[in-house]
Amino acid sequence: NAGVMQNPRHLVRRRGQEARLRCSPMKGHSHVYWYRQLPEEGLKFMVYLQKENIIDESGMPKERFSAEFPKEGPSILRIQQVVRGDSAAYFCASSGTGKNYGYTFGSGTRLTVV
Amino acid sequence: GESVGLHLPTLSVQEGDNSIINCAYSNSASDYFIWYKQESGKGPQFIIDIRSNMDKRQGQRVTVLLNKTVKHLSLQIAATQPGDSAVYFCAEGGANTDKLIFGTGTRLQVFP
């Protein structure tokens with residue numbers, strides 16, 4: 001079991017470009033969560049998805065950010081027209097139960113906007 | 001000792017000593033609590049959890065204490081080792097939510 005796989009590990013984008021972050025959940029897990037971590041801070045919830053459905057996006061910024069978890073393939077967190085303030089570590093977690101018990105986190109994608 | 005500044009609070013301990021990391025949680029409705037360890041450049045790693053119907057739970061070298069009256073959680077690490085050096089986060093959740101709320105974290109530094 002390879003665990004939660006995130007790629008790329010590091011991503012550099014210029015202001016105004018798009019960033020795509022990918023997350024493959026653990027085998028058998030159909031619930032995916034995205035969190036953002038600013039330097040020296042705790043993780044902040046962004047969005048919770050099941051296959052083909054967004055369940056809770058209460059932590060997503062209203063503009064430029066979107067997430068999907070298609071029937072086939074990884075979950076994608078997409079940030080359009082990135083700004084310097086988007087620089088952060090983005091972590092994905094997966095669960096088999098849909099509850100916040102038993103999350104497993106990936107190693108994250110570190111986005112740097114220059 | 002423990003210090004709080006502009007950045008993460010830091011706890012410095014000697015190898016072999018016991019460490020106690022504290023956390024104040026925010027939501028009195030939370031009924032599930034977790035401690036995570038995060039090493040530099042890595043994702044959070046589960047250490048131990050506790051449900052609100054308990055006030056103490058022990059693992060291997062770690063103990064979590066929960067005081068619901070004052071909404072306080074602590075993590076005790078026995079015989080702290082250099083490999084324990086990391087940032088430790090508490091997180092709260094529960095049956096009525098699908099998300100975790102993370103605390104701000106404490107950096108543990110272990111000196112030989």
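Per residue, the convex hull spanned by the Cα atoms of chain A measures out at 97 cubic angstrom. Here the Gaussian network model covers chain A, with springs between Cα atoms less than 10 Å apart; of A:SER94, A:SER75, A:SER30, A:SER30 fluctuates the most. With all protein chains kept in place, the per residue accessible area of the protein assembly as shown amounts to 51 square angstrom at a probe of 1.4 angstrom. Whole-Hz Karplus values for the stretch B:99-112 come out as 10, 9, 10, 8, x, 7, x, 10, 8, 9, 10, 10, 9, x Hz, taken residue by residue from phi with 6.51 cos²θ - 1.76 cosθ + 1.60 and θ = phi - 60°; glycine and proline positions read x.
The antiparallel fraction among DSSP beta bridges confined to chain B stands at about 90%. Taking every pair of alpha-carbon atoms in the stretch B:12-57, give the share separated by more than 17 Å as a whole percent. Of all Cα-Cα distances in the stretch B:12-57, 50 percent exceed 17 Å.
Computed over the protein assembly as shown, the convex hull of the alpha-carbon atoms projects to a mean area of 13.0 nm².
Three principal axis extents of chain B based on alpha-carbon atoms, in descending order, are 43, 29, 25 Å. Chain A against chain B buries an accessible area of about 1800 Å², both chains summed, 1.4 Å probe radius. Each residue of the stretch A:42-53 was assigned a 3J(HN,Hα) from its phi angle through the Karplus expression (A = 6.51, B = -1.76, C = 1.60, θ = phi - 60°), giving x, 7, 10, 4, 10, 7, 10, 10, 10, 3, 6, 9 Hz with x at Gly and Pro.
Along the stretch B:23-37 the Karplus relation, 6.51 cos²θ - 1.76 cosθ + 1.60 evaluated at θ = phi - 60°, assigns HN-Hα couplings of 8, 9, 9, 9, 10, 5, 7, 5, 10, 8, 9, 9, 10, 10, 10 Hz to successive residues, with x for each Gly and Pro.
Between B:GLY93, B:GLY41, B:GLY59, the GNM of chain B built on Cα springs shorter than 10 angstrom shows B:GLY41 fluctuating the most. Distances longer than 13 Å among the Cα atoms of the stretch A:1-59: what percent of all pairs is that? Roughly 71 percent, once rounded to a whole number.
Atom-type composition of the exposed protein surface of chain A places 46 percent of the accessible area on carbon and sulfur (1.4 angstrom probe). Set the bar at 30 Å for Cα to Cα. Now go through A:LYS27/B:LYS37; B:LYS56/B:LYS99; A:LYS62/B:LYS68; A:LYS62/B:LYS56 and name every pair that lies beyond it. The answer is A:LYS62/B:LYS68; A:LYS62/B:LYS56.
The values are calculated or read from the model by the stated rules, or taken from the named source; none is laboratory data. Everything numeric in this text was worked out from a predicted model, so none of it was measured. Note: accessible area is taken over every heavy atom of the protein model, side chains too, but ligands, DNA and RNA are not part of it. Shrake-Rupley method; radii C 1.70, N 1.55, O 1.52, S 1.80 Å.
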